[in-house]
Amino acid sequence: MSHLTIHPNHPLSGRCHVPGDKSISHRAVMFGSIAEGETVIHNFLDGHDCRATVQVMRDLGVQIDVDAPTELTVHGQGIDGLIEPNRVLDCANSGTTLRLLAGLLAGQPFTSFLTGTEQIRRRPMDRIVRPLRGMGAEIIGRQGGRYAPLGIAPARLRAMEYQLPVASAQVKSCLLLAGMYAKGLTIIREPGPARDHTERLLKAMGAPIQVLGPTIHIERPTEPLKALEIVVPGDISSAAFLLVAASITPGSRITIANVGVNPTRTGIVDALQAMGARIRLDNLREESGEPVADLEVRYNELQGTTFGGREIVTMIDELPVLAVAATQAQGRTVIRDAGELRVKETDRIATTVSELRKLGARVEPTDDGLIIDGPTRLLGGPVESHGDHRLALALAVAGLVAKGETTVYGAEVVDDSFPGFGGTLRALGAEVKIED
Ligand code: S3P
């Protein structure tokens, strides 16, 4: 177990990078595995979750060379080239790995078993098991398929028309992958703009996928998927911690280079700007089918604001750190329609409230969100990650403005999405120590 110790009152300045996007890294490995030829991935996220995806694809018979920790070559086996794994597939703590993989494996002619950490075995799987069964998949899981471990037997899938009950990119992607192994045209409708990296990447690989507003059509490819060279953009979900850090630390001005600014992911930029943050997107360009920009952010006073509705899915992973920003904003911030926070790595409504309160924040949980009153002069002290990377990172950011010393215990989890976080903050001028 390691911990991060943070001292406040150091303005942040300079230029930095964040590690590669987690969602895109998973997809690049998985889709590259069923393409034909060599997919070369640059700026891969070398974190626990994405390494789990690499391992399970190897277990499915795919050769993946790690040329350097963030540079991979995936030797694609073609759409029908995966082989039966001779052991249980360990998805570690990665919901994206488990849910997308279930869709990929549901229509295979072999049996597979999927499991992961105790934490992931508590997360809901019925949201994928039910629609996959509707396509003819043979899946079992604990409590009737509500929880992993999952067992998937060979099945012939049929296409389905399906309205997603929740805006979830993991569920959407799971069903799109299953749709590539089903007979007929699969049609998925989504209630909100969940991240669309699956659609973009499959399209770039030449899959028969069509996006018609909130409706997506997919069918079995008649041509092999093309192997690509993919440059993974910096993860905006990781950049979010630095955006908030600079926005709330007086005197700060930083630039985060090469950040993915896919519009299904930029809710945090819009939200912070609505609160008064000074964030500028420079050098906007496209790389590997994804928009990328440099983000410049300077300290500014923030105002409490209300967030809800369709914007929530575009910043779902950033809500704990948005709550930290709200503790420093003038007035009340309300976050609603975010009930999905309860089924992330932790119940992020409960854990954000319990840990921010330890630092003196005025924060109340609601069924589907948070109410935060500010500004509060936070008081440093010991806080706990609860094994949740985004919570650990958000608490470290809170430590930048909390009086005295803040120690985040269980901080090794930051490596799930932001390896090198402590060093990055330090290089920007923060006083951060990582200890084992
Ligand atoms: C992800 C989708 C989101 C997000 C997660 C990554 C993805 O989950 O919270 O961190 O890569 O598809 P949901 O689909 O459960 O909302």
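Some notes on this structure:
- Derived scalar couplings between HN and Hα for segment 141-156 equal x, 4, 6, x, x, 7, 9, 6, x, 10, x, 10, 9, x, 7, 9 Hz in order, rounded to whole Hz, by the Karplus curve 6.51 cos²θ - 1.76 cosθ + 1.60 (θ = phi - 60°), x for Gly and Pro.
- Cα shape, the chain, gyration tensor, a/c 1.5 rule: prolate
- Top of Ile216, Ile268, Ile41 by mean-square fluctuation, Gaussian network on the chain, Cα under 10 Å: Ile216
- Segment 22-220 shape via C-alpha gyration tensor axes, a/c threshold 1.5: rounded
- Placing +1 on the Cβ of every Lys and Arg and -1 on the Cβ of every Asp and Glu, with nothing else charged, gives the chain a dipole about its Cα centre of roughly 1020 debye.
- Anchor Lys403: lysines whose Cα lies under 23 Å away (excluding residues fewer than 8 positions away in-chain): Lys358, Lys433
- Computed over segment 214-297, the ratio Rg/Rh where both radii use C-alpha atoms and Rh is Kirkwood: 1.12
- Summing charges over neighbours of Pro419, with a neighbour being any other residue whose Cβ is under 12 Å away from its Cβ, gives -4 when K and R count +1 and D and E count -1.
- Heavy-atom accessible surface of segment 22-220: percent carbon and sulfur, 1.4 Å: 50
- Computed from the Cα positions only, the extents of segment 99-214 along the three principal axes stand at 36, 28, 23 Å, in decreasing order.
- Net charge contributed by nearby residues that have their C-beta within less than 13 Å of Gly374 (K/R +1, D/E -1): 0
- Summed side-chain charge close to Ser237 - residues other than Ser237 whose Cβ falls under 9 Å, Lys, Arg +1, Asp, Glu -1: -1
- Counting only Cβ charges, +1 for Lys and Arg and -1 for Asp and Glu, the dipole size of segment 287-383 around its Cα centre is about 580 debye.
- Within the chain, helix-based [θ] at 222 nm, where runs of 4 or more DSSP H residues each add -39,500 (n - 2.57), nearest 500: -8500 deg cm²/dmol
- When you restrict to C-alpha pairs under 8 Å that are six or more residues apart and normalise by the size of the chain, the relative contact order lands at 20 percent.
- For Lys203, the lysines whose Cα comes closer than 22 Å to its Cα, not counting residues fewer than 8 places off in the same chain, are Lys22, Lys172, Lys183, Lys226.
- Amide proton proximity set for Arg362, modelled H, under 5 Å, gap of 5+: Asp373
- Working note: Cα gyration tensor of segment 278-436, eigenvalues times five, square-rooted, sorted largest first, giving semi-axes of 22, 21, 17 Å.
- Expressed as a whole percent, the accessible area of segment 281-371 that falls on carbon and sulfur atoms is 44 (1.4 Å probe).
- Two-site FRET efficiency, Glu84 against Val211, from Cβ-Cβ distance with R₀ of 25 Å, rounded to 0.05: 0.15
- The overall shape of segment 309-390 is oblate: from the C-alpha gyration tensor, with semi-axes ordered a ≥ b ≥ c, the ratio a/c is 1.5 or greater and a/b is no larger than b/c.
- Charge dipole magnitude, Cβ of K and R +1, D and E -1 - segment 68-204, Cα centre, debye nearest 20: 440
- Comparing Asp367, Asp90, Asp416 in a Gaussian network model of the chain where C-alpha atoms under 10 Å apart are linked, the largest mean-square fluctuation is found at Asp367.
- Positive end of the dipole of the chain (Cβ unit charges, origin at the Cα centre): among Leu378, Ala102, Met135, the Cα lying farthest that way belongs to Met135.
- Å² of accessible area per residue within the chain, as computed with a 1.4 Å probe and no ligands counted: 36
The values are calculated or read from the model by the stated rules, or taken from the named source; none is laboratory data. Not measured: the values here are computed from a predicted model. Glycine also receives a Cβ, built like all others from the backbone with ideal geometry; neighbour counts cover every protein chain displayed. The area values use the complete protein model at the heavy-atom level, side chains included, leaving out ligands, DNA and RNA. Shrake-Rupley method; radii C 1.70, N 1.55, O 1.52, S 1.80 Å.
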